[in-house]
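The structure under discussion appears below in the form of structure tokens.
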Amino acid sequence: MAMAAFYGLVSGSTLFIGALIGIYLNIPTRLLGAILAFSSGVMISSLTFDLMENAFLSGGFASVSIGFLSGTLLFVLGDYLIDRADAYFRRDSEQAPDPLRQTGTLRRDSGSTVLLGFVLDGIPESLAIGIGLAAEESIGLSMMIAVLLSNLPEGISGTIDMKNSGRSNFYILSIWGVTIFAAILAAAAGYGLLGGASPHVIAINLSIAAGAILAMLSNKELPEAFEISGRFTAIVTALGFFITFCIIHLAD
């Protein structure tokens, strides 16, 4: 369990690094889009060859089907609730003066939607690290690397949102500190609760994480990356997928 918590800490640390980058550096928009696209490719490769493949080998088609579809639906439902919460914060900020407006659009003015977003994005990813480590050490390690890479742009973009809405640096870093602590707990819980579970239970949980992560990439990271970088997104996403594919199979 200590190793799972350590993996959660390492993977979550890039949220804090991303926050520092978002606060103190002026990141070119196209570079942020490229980072989002690359991390999306990394996550797609990892959930395909680590989570789904090992879930299938562990519990078979029925377990994988239940878990994957459940994870997808849970994310879609939760994402809808976050959109409602985000709309609430935007409505409350309608009369607020600049700098809450940027490029004609009201930005989120509270870290609460960032925290809610992490519950849907980060918790399944961190649980997958612990679950994967319980199933096989190499799965946990590769998931940790994939989450580590995907958390960097998440930290940058979330920080820019809060920074543009006038939040202090202390507030922003506190929000990410809470999310990193949650990542550590989720990774440890994934390992501790499922370390002695049956193959079918492990398969369902691995595939739940896979479904939630794929839904998140489809709804959030890839559309955002394409909006920023255009057709270049496909190349960088494919590069992230292929590099991770090579790493996974060379490690076997």
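The values are calculated or read from the model by the stated rules, or taken from the named source; none is laboratory data. Just so it is clear, the structure is predicted and the values come from calculations on it, not from any experiment. These accessible areas exclude ligands, DNA and RNA; they are computed on the full protein's heavy atoms, side chains included. Shrake-Rupley method; radii C 1.70, N 1.55, O 1.52, S 1.80 Å.
Computed quantities for the displayed model
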| item | result |
| --- | --- |
| Residue-span extension gain [Leu20 to Phe61] - 0.36 nm each, minus C-alpha spacing | 10.4 nm |
| Whether the stretch 210-249 is rounded, prolate or oblate, judged on the alpha carbon gyration tensor where a/c under 1.5 counts as rounded | oblate |
| Per-residue SASA entry for Ile243, accessible area with 1.4 Å probe, Å² rounded to 10 | 70 |
| Area of Tyr80 that stays accessible when all protein chains are in place (1.4 Å probe, Å², to 10) | 120 |
